[in-house]
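Novice: Handing you this structure, nothing more for now.
The values are calculated or read from the model by the stated rules, or taken from the named source; none is laboratory data. Keep in mind the model is a prediction, meaning the values are calculated, not measured. Because the Cβ atoms are built from the backbone with ideal geometry, glycine has one as well, and the counts that use them run over all protein chains shown. Ligands, DNA and RNA are stripped out before the accessible areas are found, and what is left, the full protein with its side chains, is counted by its heavy atoms. Shrake-Rupley method; radii C 1.70, N 1.55, O 1.52, S 1.80 Å.
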Amino acid sequence: MSNIEQTLSIIKPDAVERNLQNQIKQDFINNGFEIIKEKKIHISKEEAEKFYKVHESKPFYNDLCNYLSSGPIVVMTLQRENAVMENRKLMGATNPVDADEGTLRKKYGISIDKNSVHGSDSLENAKIEIDFFFNH
Ligand code: IDP
Ligand code: MG
């Protein structure tokens, strides 16, 4: 039984700055993801605050929003079987020092804030996040 899903992926400023986007896109393709939509953008602090609203109460919220709006990012809609969970597995743990060997955050992440990639954490949030970047 197939369960094709779409999820939202962001290549964060630290990775775009190091020109890693093609390598990371190839990692997605090698792991069975199809890149359905893609755009390179530079969002404002206000947009970052909206995107990360779930983290509003966290002590790192302000830094996080400054960071995501600090430079260009690449946002993508990725599609494959169980895309949400498979992307989370491919990304690895939030903190690169805890991420398993071979995961994107292990390979490319610099620190917990500069961890190179974002991925939706549920199918429900994937729909909201895809809508946020691609449907208005
Ligand atoms: P996730 O990106 O693995 O889903 P979340 O808990 O949703 O992790 O946090 C969103 C982002 O906020 C993380 O990717 C990371 O960059 C940043 N972040 C999370 N926890 C901390 C922290 O304790 N200090 C600084 N930044 C953090
Ligand atoms: Mg998250």
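Novice: Expressed as a fraction of 2.2 N^0.38 Å, the rule-of-thumb size for a compact globular protein of N residues, what is the C-alpha radius of gyration of region 31-136?
Specialist: That ratio works out to 1.05.
Novice: Oh, and also: If you stretched the chain out fully between residue 37 and residue 111, how much longer would it get, using 0.36 nm times the residue separation minus the C-alpha to C-alpha distance?
Specialist: Taking residue 37 through residue 111 to full extension adds about 23.9 nm, to one decimal.
Novice: What pairs from 25/114; 50/107; 58/114; 12/45; 12/89 go past 26 Å between their alpha carbons?
Specialist: Values: 25/114 18 Å; 50/107 29 Å; 58/114 17 Å; 12/45 14 Å; 12/89 17 Å.
Over 26 Å apart, Cα to Cα: 50/107.
Novice: Sticking with this structure for a sec: On the protein heavy atoms, probe 1.4 angstrom, tell me the percent of accessible surface of the chain carried by carbon and sulfur.
Specialist: Ligands and nucleic acids excluded, carbon and sulfur reach 48 percent.
Novice: What FRET efficiency comes out for residue 44 versus residue 123 if R0 is 22 angstrom and r is the Cβ-Cβ distance? Round to the nearest 0.05. Don't skip to the answer; put the middle values down first.
Specialist: Details: r = 28 Å, r/R0 = 1.26.
The computed FRET efficiency comes out at 0.20.
Novice: Rank 43, 4, 35 by accessible area, highest first, at a 1.4 Å probe radius?
Specialist: Order by accessible area, largest first: 4, 35, 43.
Novice: Another question, then. Give, rounded to the nearest 20 debye, the magnitude of the charge dipole that the chain has about its Cα centre when Lys and Arg contribute +1 at Cβ and Asp and Glu contribute -1 at Cβ. Intermediate values should be presented prior to the final figure.
Specialist: Numbers: 18 positive and 21 negative charges, 57 e Å.
The calculated dipole for the chain is roughly 280 debye.
Novice: What FRET efficiency comes out for residue 63 versus residue 2 if R0 is 41 angstrom and r is the Cβ-Cβ distance? Round to the nearest 0.05.
Specialist: 0.55
Novice: Determine one quarter of the surface area of the Cα convex hull of region 1-87, which equals its mean projected area, and express it in nm² to one decimal.
Specialist: Mean shadow area of the hull around the Cα atoms is 6.2 nm².
Novice: For residue 86, what accessible area in Å² do you get when you roll a 1.4 Å probe over the heavy atoms of the protein chains, rounding to the nearest 10?
Specialist: 40 Å²
Novice: Gain in length, residue 26 to residue 98, computed as 0.36 nm per residue apart minus the alpha-carbon separation, to one decimal in nm? Before the final figure, lay out each step's value.
Specialist: Working: separation 72, 0.36 × 72 = 25.92 nm, distance 2.31 nm.
23.6 nm is the gain from fully extending residue 26 to residue 98.
Novice: Tell me, what is the per residue accessible area of the chain in Å², probe radius 1.4 Å?
Specialist: Spelled out: the 1.4 Å probe surface of the chain, per residue, equals 54 Å².
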